[in-house]
Amino acid sequence: MRVLLCDPPAFTPQYDHELAAALARTGAEVELLTSRFRLGAAPAADGYARREVFYPWSSRAFRRSRLRLPLKALEHPIGMARLAREHPDVVHLQWLAWPRLDRSLLRLRAPAVFTAHDLLPRRSAEARDVWLTLFGRFRRIVVHSERGRAVLVELGVPEDRLRVVPHPVFASDPPRADDGRTLLALGVIRPYKGLEDAIEATKRVDGARLLVVGELAEWRLGYLRDAELDRALGESTVALFPYRAELDQSGALLRALGAGVPAVVYDVGGLAEPVRAFGAGRVVPGGDVAALAAAARELLDDPVALDAVREGTRRARAELTWDRAAAAHLDLYREIV
């Protein structure tokens with residue numbers, strides 16, 4: 001089977017790489033169409049082909065210049081026209097960079113799948129019709145959680161088009177070097193990630209420090225290389241994910257669990273599902289900073305509880321693999337080919 005994965009803005013290069021490589025291990029012929037990742041080096045292709053056909057100028061030049069986005073807007077129709085000429089067995093889009101434009105520009109020759117990594121309401125309410133139109137172009141839509149499925153059904157997406165494929169972990173084995181009192185806020189800093197809640201919760205836990213890895217706390221800003229990220233994960237005792245209800249699943253959460261770092265998460269989107277399913281941390285009500293602090297305090301102060309949730313991360317690592325995700329994707333591809 002010829003599978004074309006597509007991530008025009010290169011929002012999730014590590015996810016794209018892991019899925020493409022896992023699909024290739026099944027024997028599928030896989031090609032990834034994307035753009036240059038502006039924040040660092042993208043993973044080298046492993047068993048699949050990779051072409052950077054989108055935004056050849058704006059992703060390489062201008063950096064933070066005000067000219068970058070206007071140039072990107074001019075390049076976008078060119079990239080979408082190139083995508084329209086492709087004719088694999090299945091096209092699997094990971095992201096749509098310009099939804100209002102893509103409602104007119106998205107033209108595909110092959111049966112198509114879309115992964116809804118993010119869910120409403122982060123997309124504005126007035127864009128509801130835009131997204132319903134776009135969702136209607138795909139034979140199947142992948143979400144990472146049952147909560148994500150429910151959100152899209154409520155939005156109006158036909159339930160028979162939806163498939164839940166849990167987000168795999170990003171497995172790593174960093175040397176353990178934590179002091180037993182280090183909390184972690186991991187991932188590119190965005191307003192919806194609730195960093196202010198993580199800071200406030202840390203203040204309420206005696207002797208705790210907060211390591212902020214993304215862009216009272218130690219800050220390590222920007223996009224970290226794998227070695228630097230592993231060092232931060234190895235120094236962390238428990239990760240905090242006080243997100244707002246604006247997404248399905250968090251790649252940063254799955255990276256923490258894959259490194260053996262348990263998590264305390266707000267019960268929003270699909271964050272709670274892997275934590276509950278594998279006993280890999282604690283789930284507290286969304287927006288409840290006191291509960292966030294109490295759960296973090298419990299795990300830092302109770303070695304038995306901490307060992308139990310660390311064992312939960314090992315169960316998650318064993319179950320949430322990329323090979324299983326690839327098999328699930330191949331099953332849904334076969335449904336539409």
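Things worth noting here:
- Computed label-point distance, nm, for sites Asp178 and Ile336 using a 7 Å Cα→Cβ extension: 3.9 nm
- When the alpha-carbon atoms of region 141-192 are used, the pair Rg, Dmax equals 17.2, 49 angstrom.
- Arg100-Trp57 pseudo-label distance in nm [points 7 Å out on the Cα-to-Cβ vector]: 2.3 nm
- The residues of the chain expose, per residue, 44 Å² of accessible area to a 1.4 Å probe.
- Helical contribution to [θ] at 222 nm, DSSP H n ≥ 4, -39,500 (n - 2.57), averaged over the chain, rounded to 500: -12000 deg cm²/dmol
- Lys/Arg +1, Asp/Glu -1 at C-beta; the chain dipole; positive extreme among Ala259, Ala245, Ala280: Ala245
- Per-residue HN-Hα couplings for region 2-12 [Karplus 6.51, -1.76, 1.60; θ = phi - 60°; Hz; x = Gly/Pro]: 8, 10, 10, 8, 9, 9, x, x, 6, 6, 10
- Accessible area in the full protein assembly, largest first, 1.4 Å probe, for Met80, Met1: Met1, Met80
- The percentage of C-alpha pairs in the chain whose separation is greater than 33 Å is 27%.
- Per-q log10 I(q)/I(0), region 88-192, q = 0.11, 0.17, 0.23 Å⁻¹ (Debye; single scatterer per alpha-carbon; no solvent): -0.46, -0.88, -1.38
- Cβ-Cβ FRET estimate between Asp89 and Ala328, R0 fixed at 25 Å, reported to 0.05: 0.90
- Rounded to 5, percent antiparallel among DSSP beta bridges of the chain: 0 percent
- Amide H contacts of Leu271: none lie under 5 Å away among residues 5 or more positions distant or on a separate chain (H built 1.01 Å from N in the peptide plane; Pro and chain starts excluded).
- Whole-number percent relative contact order across region 10-60, with pairs defined as alpha carbons under 8 Å at least 6 apart: 40 percent
- Protein-only accessible surface at a 1.4 angstrom probe places the residues Thr133, Thr202, Thr12 in the order Thr133, Thr12, Thr202, largest first.
- Working note: Karplus 6.51/-1.76/1.60 with θ = phi - 60° gives region 275-282 the couplings 5, 5, 4, 10, x, 9, x, 9 Hz, where Gly and Pro are set to x.
- Sulfur and carbon atoms: percent of accessible area, the chain [1.4 Å]: 51 percent
- With the gyration tensor restricted to C-alpha atoms of region 1-121, the semi-axes of the equivalent ellipsoid amount to 23, 17, 13 Å, longest first.
- Our analysis of region 6-51 gives Rg over Rh at 0.94, with the two radii drawn from alpha carbon positions and Rh computed by the Kirkwood formula.
The values are calculated or read from the model by the stated rules, or taken from the named source; none is laboratory data. Here the structure is a predicted model, which is why all the values come from computation and not from measurement. Heads up, the Cβs are rebuilt from the backbone with ideal geometry, glycines too, and the neighbour counts pull from every protein chain shown. Keep in mind that these areas ignore ligands, DNA and RNA; they rest on the heavy atoms of the full protein, side chains included. Shrake-Rupley method; radii C 1.70, N 1.55, O 1.52, S 1.80 Å.
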